[in-house]
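What follows is a single structure, written as structure tokens, with notes after it.
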Amino acid sequence: MAFNSNFSRRRFMVGTGAAVAAALSPIGPASVFTPTLASAANGRLIPAGKLGTIAYSQRDVPTRVGIAASRALGVAPTMGYLGGPDFPQDPTDLGPLVPLPGGWAELFEFLANCGFKQIEFAGYGQNAANPGGDAPNPAPGGVTTAQSRAAYLAYARTLRGFLDAYGLEAIGNHGFIPNTWYGPNSAGGTMAAQDYERLQTELEFAAILGTPFMGTGNDPTNSGNRNIEPWTVAGEKWEALNTISQQWGIHLYTHNHSPAYNFLQDGPMVTVTQDRVTGQPIAPTQVRGESGKRLMQHYLDVTDPALCVIEMDVYWAHVAQHQWRWRYDWEGNRVEDIFDPAAQVAKQPQRYQLFHAKDGDATGEAPGVGNGYNFIPFGDPRSDIDYTTFYQGVGAKGHYNANYEQDNAPGGNSDPGQSLRFSRISAAGMAALRG
């Protein structure tokens, strides 16, 4: 597809000077993240073609005025640090102060040069001054019109042009999921007309991008309710939505944070006398018993494997392992039952099509207290999530689409280049994973 803007790779690279060109170059071999000779004999656990990132990690970049747009407007670009010749082996080597990429086209070029191949979107908007402009509203006032649909889909073709220009592929998006669907538990047993028109528009947008998946950053219920009933209803909803999306060849996926791997409340009311976390005596309390099934496992059990797939956030799955360690059985006993994220995936590998490859540094908190981890770049030496063992344990080697994510990657005004430096570190860390 033609590159649908006036942005020029040649003008970008020449106009920003040798310092930026060096900063955008692929990661060199001198890095703490490079595999040793012994490990290099093993195959990559994340194939090159499935090395991705969710643009939420670089969410500050599309929203700022980029280098080309700054030049066109006659304003100074945002300046920052992208790493010097010894980065990332020496993370303190920030390199020279250089103009920073902004907008989708410049971000895609940077990510491609880091080694990323797949892009998961977290929304499609960018600063309107950048090549391609901002994403039009597909449903002004909640109503999709012929005009709003046409403008939105034209923007999709622009984004596709940017992706193609740098050899990138769209793998998914955290975006619009309707609240109504065809089924007895939906309002009136049907889908609202406005939801249907918006969903069809979003699916056509995704089809133009060429992505096989479209989804959400939330769990299937988005309610935080651990009772079995809303999770059963969620299965009905997502099966109905996937029946629609499959007409476009697209699977709709759900996401997880740690609550989605808490224990399903699926038993009778029981009396408990021990604190769930500490085991200390408490006054007799009525709770609903738990069989030991996790919430997301119930969702898998009640949905069609051919329709409904999942994106596991590996970081939050390990937080769940730290947090949800004890349950109350159907007799009211406190039972230790530790979650194993890799074993969860290995039961049904084809249901888990995407991962958020998010790394964590252990906080030292006691089990059941806090999150247990802090966000860090993927492969950072402080990592306490054993990704090698995880990937070796999930089976179906090379199957999963891995998207680097780091919630705290943007450095704000004090360090506007941080999310891009962390992307360099993480691409190298993912590429170095062997087993």
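Using label points projected 7 Å from each Cα along Cα→Cβ, tell me how many nm separate Asp164 and Ser223, to one decimal. Simple spin-label model gives 4.4 nm for this pair.
Reducing region 51-126 and region 127-146 to their Cα centroids gives an inter-centroid distance of 23 Å. Express in whole angstrom the spacing between the alpha-carbon centres of region 298-368 and region 381-435. Taking the Cα centre of each part, region 298-368 and region 381-435 sit 19 Å apart.
The C-alpha atoms of the chain define a longest principal axis, and helix 146-165 lies at about 70 degrees to it. Note on Lys293: lysines with a C-alpha under 29 Å away, same-chain residues under 8 apart excluded, are Lys237, Lys347, Lys358, Lys397. Compared with the dominant principal axis of the Cα atoms in the chain, helix 103-114 is inclined by about 80°. Annotation: amide H of Gln126 within the under-5 Å range of Ala135, sequence separation 5 or more or interchain, hydrogens built in the peptide plane. Estimated from the Cβ-Cβ distance and a Förster radius of 22 angstrom, the FRET efficiency linking Arg157 and Gln348 is about 0.05. Using the Karplus relation 6.51 cos²θ - 1.76 cosθ + 1.60 with θ = phi - 60°, the per-residue 3J(HN,Hα) values for region 238-253 come to 6, 5, 5, 5, 5, 4, 6, 5, 5, 5, 9, x, 10, 8, 8, 10 Hz, with x marking Gly and Pro. Our helix-only sum for the chain, with -39,500 (n - 2.57) per DSSP H run of n ≥ 4 divided by its residues, gives a mean residue ellipticity at 222 nm of -10000 deg cm²/dmol. Placing a label point 7 Å from the Cα of Asp304 along the Cα-to-Cβ direction, the residues of region 223-264 with a backbone N closer than 11 Å are 239-247.
When only Cα pairs below 8 angstrom with a gap of at least 6 residues are kept, region 61-160 shows a relative contact order of 25 percent.
A straight chain from Ala150 to Met269 at 0.36 nm per residue would run longer than the Cα-Cα distance by 37.5 nm.
Using θ = phi - 60° in the Karplus curve 6.51 cos²θ - 1.76 cosθ + 1.60, the 3J(HN,Hα) couplings for region 133-144 round to x, 8, 5, x, 6, x, 9, x, x, x, 10, 7 Hz; x is entered for Gly and Pro. Counting Lys and Arg as +1 and Asp and Glu as -1 over every other residue whose Cβ lies under 12 Å from the Cβ of Gly52, the net charge comes to -2.
The gain in end-to-end length when the Thr243 to Ala396 segment is fully stretched comes to 52.5 nm, 0.36 nm per residue minus the alpha carbon separation.
Close amide-amide hydrogen proximity is noted between Trp326 and Asp337, each under 5 Å apart and 5 or more residues distant or on a separate chain (H modeled in the peptide plane; Pro and chain starts excluded). Of Asp60, Asp219, Asp301, which is the most mobile in a GNM of the chain whose springs link Cα atoms less than 10 angstrom apart? Fluctuation is largest for Asp301.
Relative contact order for the chain: what percent, with Cα pairs under 8 Å and sequence separation of 6 or more?
19 percent
Compared with the dominant principal axis of the Cα atoms in the chain, helix 9-23 is inclined by about 70°. For region 420-435, putting each phi into the Karplus relation 6.51 cos²θ - 1.76 cosθ + 1.60 with θ = phi - 60° gives couplings of 6, 5, 5, 5, 4, 4, 6, 4, 5, x, 5, 5, 7, 5, 10, x Hz, in residue order, rounded to whole numbers and with x for Gly and Pro.
Remark: the Leu73-Thr389 segment gains 108.7 nm on full extension, using 0.36 nm per residue and subtracting the alpha carbon distance.
Laboratory data are not the source of any read-out in this text; all were calculated from the coordinates shown. The shown structure was predicted, so the numbers you read here are calculated from the model rather than taken from an experiment. So basically every Cβ, Gly included, is an ideal-geometry build from the backbone, and we count neighbours across all protein chains shown.
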